[in-house]
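In what follows, a single structure is set out as structure tokens and then discussed.
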Amino acid sequence: MEKIMKMRFKSCFFFLIMMYSGKLSAEDQRCDLPHIENGEIAQYYYNFRSYYFPMRKEKKLSYSCLVGYTTEMGTQDGRITCTAKGWFPVPRCYKKCTKPFLENGFFYGTETYFKIHEKLQYKCNPGYHPPGGGTEDTVQCQPEGWSSQPSCTKKIEITCSSLSAITHGGFYPMKKIYEEGDVVHFFCEKNYSISEFDLIQCYNFGWHPDPPVCEGVKNKCPPPPLPPHARIVTHRRTYRNGDSVLIQCQSTFEIKGPEEIHCVKGKWTSPPVCIGTMDKWESEAPPSLKGDGAIKASNTYGKEDTVETQQDCTSPPLIKNGLLLGPFLTSYKKGSSVEYGCQHYYFLDGPSTVYCEEGNWTEQPTCLEPCTLNVTDMNSNNIELKWSQEELTFRHGDLIEFECKPGYSFLEAPTLSPGRTQCNQGRLKYPKCIMPAPAAKCDSPPLIANGALILPPLTRYESGSSVQYNCTDYHFLQGSERIYCSEGRWTSPPVCIEPCTLSKKEMEKNNVLLQRIYENQLYFYHGDYVGFYCKENHFGAESGTTLFQVQCKRGQLAYPRCVERGS
């Protein structure tokens, strides 16, 4: 032991002499104990600092961020390498992003804290929109905070003029101001009908089409009667008192009677007849030789069309814990609709719009009850809310997260989130936590490929104890470097992912060069980015650019391809 201490003293003395004399080469540069704000390395590095530090070049070191902080890659653990310029990459722990404040909108999900690079989606309330337009947007948690402040601003409203009352009819909904997209339904009293379309809509240029009028049925004619072998020259959607229609016969038939018929007080004047040779002879024959076909035809064309009566609907039914948003009328025409809504915290299940069909309303929605947390039930199950919040009421479908009180654990944990439950129509199934029995001991921890335990393993470990892994050179440690003994079982060990090896052959084949900052570096960790650029007079075959950042993924590098200009 004394001999080892003397050798260590000599080596340290030689190191100090070389440092003082300025003869320590770049190859012998070493890295001191790193200072990681909001992060730490294994405790034994601090306890035996003089033994481990300064570290030689190419040595690797793992570090962990404190609770509430992550690395720039969004992980709890990071890995750094000692280089001639110091630790690379510089170890940093960034504070997780807290769910931001949002007015006039809501977020998807119930999470409160977000890792670096994690995204948060939100939606604006009706009448509001995010900065980019539409109804939804996404922000991302970045090292300096959220990529942008989520916001919902009121839309610039395009309005249409108010509508005047129409004679012998009405419309709904009735509003002082109509916004772009609003649709208005028109209806007429009995014995009156709509002149044109019964629906109009508000556009950015005004109403389209123009509001209709209600005309008396007696002043409106049904479609004109068309005799066999004839056609109508002028077509219209509706025919009013005084309108005329021109009728022509097919080329092999002759017209008998007036070519024009007229709409007079809801009826058409007698139409002509298209006759062939035999029909013409019969028309010119004496009455004693004629049949009664012409008379029957005349009777057919003189028949009045019947107007189908539409069955109206009475007031729409009320729904429990809900309300009718309108429109409010004494009676409703076929095809009209009303809107429903629910009381605060109640969830609307089913269509919010119902329609009048043949005197009956279509199926109404229901308002599903919310869930209110019971503190007594929570105490009896030894649980408490995972995230602190002021209100204890949740809507149907909301996810609620609980955690066990200190000293307790979940009774059953078949899923990754045993403390998560969902509000179902006012009913809530509370998870249960119990006082755990004395935990069993663990055997030796599992072995991992391309990695090993930092300290030699024991044969038995107490529950709650832990061991730490380290990966071989340039292998990336994915997962937690420390695993724990829990009730006779080890938590999941990490995985050592192989690095990427730089290939000069592939670089030459693709006409790319390595950026200066990566010179003399042959291996890259999984997840690291490697910078390339095109050779002189070359450019990217796909992108057209000359600079590239390629990420190492499980030992594979997708080299960019550059081609010669003009080729």
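Quick notes
- Test: residue in the range 349-372 that is modelled with pLDDT under 90 and among the aliphatic types (A, V, I, L, M): no
Residue-by-condition table, conditions (1) in contact (Cβ under 8 Å) with a residue 24 or more places away in the chain; (2) of a type in the set (A, V, I, L, M); (3) touching a helix residue (DSSP H, G or I) at 6+ places or on another chain (Cβ under 9 Å); (4) exposed (fewer than 14 other Cβ atoms within 10 Å of the Cβ):
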site: ASN450; (1), (2), (3), (4): yes, no, no, no
site: GLY464; (1), (2), (3), (4): yes, no, no, yes
site: TYR474; (1), (2), (3), (4): yes, no, no, no
site: TYR484; (1), (2), (3), (4): no, no, no, no
site: GLY488; (1), (2), (3), (4): yes, no, no, yes
site: PRO494; (1), (2), (3), (4): yes, no, no, no
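- Checking each residue of the range 339-347 against the condition of being within 26 Å of GLY426 (Cβ to Cβ), without any contact (Cβ under 8 Å) to a residue 12 or more places away in the chain and either not in a strand (DSSP E or B) or not basic (Lys, Arg) (or both) gives at least one match.
- Checking each residue in the range 43-70 for being loosely packed, with under 13 Cβ neighbours inside 10 Å, assigned to a helix (DSSP H, G or I) and not basic (Lys, Arg) picks out GLN43, TYR46, ASN47, SER50, TYR51.
- Filtered residue count, the range 410-427, keeping only those that are surrounded by fewer than 16 Cβ atoms within 10 Å (Cβ to Cβ) and either in contact with a Phe, Trp or Tyr (Cβ under 8 Å, 6 or more places away or on another chain) or modelled with pLDDT of 85 or more (or both): 6
- In the range 106-144, the residues that are under 18 Å from the mean Cα position of the chain (by Cα) and at positive phi: GLY109, HIS117, GLY133, GLY134
- Boolean, ILE232 is β-branched (Val, Ile, Thr) and modelled with pLDDT of 80 or more: no
- Near pairs, Cβ below 7 angstrom, 6+ apart or cross-chain, from the range 47-69 (within 27 Å of ILE116 (Cα to Cα) and touching a residue at least 40 places away in the same chain (Cβ under 8 Å)) to any residue that is of a type in the set (Gly, Ala, Ser) and crowded, with 18+ Cβ neighbours inside 10 Å: SER64/GLY39
- Members of the range 182-194 found to be under 18 Å from LEU329 (Cβ atoms), assigned to a loop (DSSP other than H, G, I, E, B) and touching a residue at least 24 places away in the same chain (Cβ under 8 Å), listed by number: GLU189
- Identity of the residue in the range 21-35, surrounded by 12 or more Cβ atoms within 10 Å (Cβ to Cβ) and at pLDDT below 90, that ends up farthest from the chain's Cα centre (by Cα): LEU24
- Those residues of the range 320-336 which are over 23 Å from GLN425 (Cα atoms), free of Cβ contacts under 8 Å to residues at least 60 places away in the same chain and either among the hydroxyl-bearing types (Ser, Thr, Tyr) or surrounded by 18 or more Cβ atoms within 10 Å (Cβ to Cβ) (or both), in sequence order: THR330, SER331, TYR332
- Taking the range 508-539 as the range and being of a type in the set (A, V, I, L, M) and under 37 Å from the mean Cα position of the chain (by Cα) as the test, only VAL530 passes.
- Any hit, the range 515-527, residues being over 23 Å from LYS85 (Cβ atoms), in a loop (DSSP other than H, G, I, E, B) and not assigned by TED's automatic domain parsing to the domain that holds HIS117: no
- 2 or more residues in the same structural domain as PHE205 (by TED's automatic domain parsing) and surrounded by 15 or more Cβ atoms within 10 Å (Cβ to Cβ): qualifying strands (runs of 3 or more DSSP E) within the range 118-181: 169-172
- Each residue in the range 528-553 was checked for being among the acidic types (Asp, Glu) and either farther than 13 Å from CYS500 by Cα or part of a strand (DSSP E or B) (or both), and 2 pass.
- Each residue in the range 248-283 was checked for being among the charged types (D, E, K, R) and either in the same structural domain as TYR192 (by TED's automatic domain parsing) or at pLDDT 70 or above (or both), and 6 pass.
- Within the option set SER417, SER480, SER444, being in contact (Cβ under 8 Å) with a residue 40 or more places away in the chain, farther than 27 Å from LYS320 by Cβ and outside any strand (DSSP E or B) holds for one residue only, SER480.
- Residue within the range 535-544 that is loosely packed, with under 15 Cβ neighbours inside 10 Å, under 23 Å from ASP473 (Cα atoms) and free of Cβ contacts under 8 Å to residues at least 40 places away in the same chain present: no
The values are calculated or read from the model by the stated rules, or taken from the named source; none is laboratory data. In this text, all values refer to a predicted model and were calculated from it rather than measured experimentally. Positions of Cβ are generated from backbone atoms using ideal geometry, with glycine treated the same way; all protein chains shown enter the neighbour counts.
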